[in-house]
Each structure stands twice: as structure tokens, then as C-alpha cells.
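Visitor: Take a look at the following structure, please.
Each value in this text was obtained by applying a stated rule to the coordinates, not by laboratory testing. No experiment lies behind these values; they were computed from the predicted model shown. Glycine gets a Cβ as well: all are built from the backbone with ideal geometry, and neighbour counts include every protein chain shown.
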Amino acid sequence: MKTPDALIRLSSLLAKLPGVGRRSADRMAMALMRDQGTLLRDLAFSLQDAATKLKICPQCGSITQADEIPCGLCTDPRRNGKILCVVEDPGDIITIERAGGFQGRYHALMGKISPAKGDGIVQLRLDALLARVAREQVEEIIIALNADVESDATASFIRESLAGRNIRITRLARGIPTGAGVAPCRRDDARAGHRESPRILMACSRNKAGGERC
């Protein structure tokens, strides 16, 4: 029996989600078809609702309501616009906000430099970051990227691009194992690191002896 085209397309789309392999996508698709009830209907409604009501903030890159552009994080007068936290994607912004304590603003790159995946400087929001730093007269940048080779390369590019400017650059120091990301870190780890630095979760000075360099 030929597999219905609609089922093949559903499975193919699910397989494009991060962390979802082909077999997992097939199981998800079959589970939705077996349900034939509220789950499938509610999922379809939720996806449509998200497509119409949620947008990416053009300034910081966070997820926001379509009628709230720029987002609340960018317009809140209580936040310090001189401190900019650079993250990989919008999910990292949510993680840091849940940990609490950081009162600066954000900039999501929407990825990291990864030649293997074809993601270079052009594909990321790096030019927007440099322009924003100059426009908003940012005094400190906190690089809150993951602990892997691609993130290190991205952090190095940011540091080199800002060389010569009177900007303090800090980076997540401890609490994130090599190869791990910002999101999996426990809230307790985040708060422990935050106590070490009043700026954000786990920041260290780029000139701190023995510390991690940007």
C-alpha cells in the first residue's frame, strides 16, 4: 500500500524540527493520525495561531506579540540599554529571563558561525549587532553563547570586530560544560554564576587572570 502523500509531508516537516530524526518524525506523525481527535485539531489551531500572532522582534530578535514591535524587552525603560547580552537564538533569551537578575537588553544572532552548515557572517545578525552597538552607544557586551567550537569562533569574531572601541566584553565563564548550551543549564547554576557577577548569569572579564577569554 502506498503511503498517503499528506502523511509523508507531515513526517517530512516534523523531521525539520531541531533534535527530531526521521524515525521520531514518523512516530509523531503516526501518533497524530491515530489520535484523530483533539490533539491533531488543537495542534493545527496552535500552529496557525502562532503564525498570525507571534513575530520576531526586529531589534533584539526575541519572540513577541505581533502587535508589540519592538518587544517589551526593548522598550522597557527600566532596563539598562548600555549593556547588551548577545545570544544564539530567542530561546536563550527566555532561559536567561527565567533565571532572573539581568536587567540589560538582548541581541539574538539567530545562529553561530559554522562553515560546515554554511552559516557565515552574512547569515547571522552580526552586522546588525555592530550597527546597534554604535547607534545605542553600548558600553558592555556579554557574550552568552554555548560552549562549543562554533560559539568560540563567533565570540572571537565579535571581539575582533569591536577591537579598538571602548567597550567591555564579557562572556559566560562557568556552569556550562563544554559542548553544552545555555538552555540546559539549571536555574540554580545560573543563579550561582549570577552571584559572581551582577551583570548576568556567569560573566567573567576578558582580562581576568585564569578566566575564560572571549
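Visitor: Could you work out how much longer the chain between Arg22 and Leu40 gets when fully extended? Use 0.36 nm per residue separation minus the Cα distance between them, nm to one decimal.
Guide: Stretched fully, the Arg22-Leu40 segment lengthens by 4.5 nm.
Visitor: Based on the Cβ-Cβ distance of Ala134 and Glu68, what FRET efficiency does E = 1/(1 + (r/R0)^6) give at R0 = 30 Å, to the nearest 0.05? Kindly include the intermediate steps, with their values, before the conclusion.
Guide: On the way: r = 26 Å, r/R0 = 0.86.
For Ala134 and Glu68, the calculated efficiency is 0.70.
Visitor: Same structure, new question: Pulled fully out, how much extra length does the chain show between Asp76 and Ala15, if you take 0.36 nm times their separation in residues and subtract their Cα-Cα distance? Walk me through the intermediate numbers first.
Guide: Numbers: separation 61, 0.36 × 61 = 21.96 nm, distance 3.75 nm.
Answer, rounded to one decimal: 18.2 nm.
Visitor: Something else: Give, as ranges by residue number, the residues of the stretch 95-118 whose backbone N falls under 16 Å from the point 7 Å along Cα→Cβ of Asp127.
Guide: Under cut-off, by backbone N: 109-110.
Visitor: I would also like to ask the following. Shape verdict for the stretch 5-52, please, from the Cα gyration tensor: rounded (a/c under 1.5), prolate (a/b greater than b/c) or oblate. Intermediate values should be presented prior to the final figure.
Guide: On the way: a/c = 1.93, a/b = 1.25, b/c = 1.54.
Verdict is oblate for the stretch 5-52.
Visitor: Trypsin sites (Lys or Arg not before Pro) within the stretch 14-122: which are DSSP loop residues with at most 12 other Cβ atoms inside 10 Å?
Guide: On the way: sites: Lys16, Arg22, Arg23, Arg27, Arg34, Arg41, Lys53, Lys55, Arg78, Arg79, Lys82, Arg98, Arg105, Lys112, Lys117; in loops: Lys16, Arg78, Arg79, Lys112.
Loop-located and lightly packed - Lys16, Arg78.
Visitor: If you put +1 on each Lys and Arg Cβ and -1 on each Asp and Glu Cβ, how big is the dipole of the stretch 5-52 around its Cα centre, in Debye rounded to 20?
Guide: Here the stretch 5-52 has a charge dipole of around 220 debye.
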